1. What residue, among those in region 62-108 that are among the charged types (D, E, K, R) and under 30 Å from Val41 (Cβ atoms), is nearest to the chain's Cα centre (by Cα)?
2. Just checking, does region 44-67 include any residue being part of a loop (DSSP other than H, G, I, E, B) and at pLDDT below 95?
3. Here is a check on your reading of the model: is Arg67 surrounded by 12 or more Cβ atoms within 10 Å (Cβ to Cβ) and farther than 22 Å from Arg115 by Cα?
Amino acid sequence: MKRAPVARRKGPATAKPRKRPAAARRRSTFKARFEANPEDVERSLAKLVLSLVEFLRQVMERQAVRRMDEGTLTADEVESMGTALMRLEETLHEMAARFGLTPADLHLDLGPLGRLT
């Protein structure tokens, strides 16, 4: 006994969806996230660098406070470290002002973890 041939549908169910080339997908995503305006790039880079330096300054400050509380620093070391950290903070604020940034702009946003201040 012979079976009747099964008719295959041609149409949306069997047609392969057309994908955009990977390079085109990357370009469209890249455009949505980045605009190459030279002034914005310079300011954004300054914000990133200054934010990282501010983060490191805060880490060093917390480390200094911990060492002071433990009594592992001499009075001279406490004085010099305090002066250095204050100068670094002043310099960071001056540099941020050159790019139109406030000290609050330098706090890192860690998404669901909150802001690092």
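The values are calculated or read from the model by the stated rules, or taken from the named source; none is laboratory data. Note that this is a predicted model, so its numbers are computed, not measured. Here Cβ is always computed from backbone atoms with ideal geometry, including for glycine, and neighbour counts include all displayed protein chains.
1. Our first condition is that a residue be among the charged types (D, E, K, R); within region 62-108, this holds for 62, 66-67, 69-70, 76-77, 79, 87, 89-90, 94, 98, 105.
From the residues that got through so far, the ones that are under 30 Å from Val41 (Cβ atoms) too are 87, 89-90, 94, 98, 105.
Values: Arg87: 25, Glu89: 20, Glu90: 23, Glu94: 21, Arg98: 20, Asp105: 12 Å.
Looking at residues that are among the charged types (D, E, K, R) and under 30 Å from Val41 (Cβ atoms), I get Asp105.
2. Initially, region 44-67 is screened for residues part of a loop (DSSP other than H, G, I, E, B), giving none.
Looking through region 44-67, none of the residues is part of a loop (DSSP other than H, G, I, E, B) and at pLDDT below 95.
3. Yes; evaluated as a whole, the condition is true for this residue.
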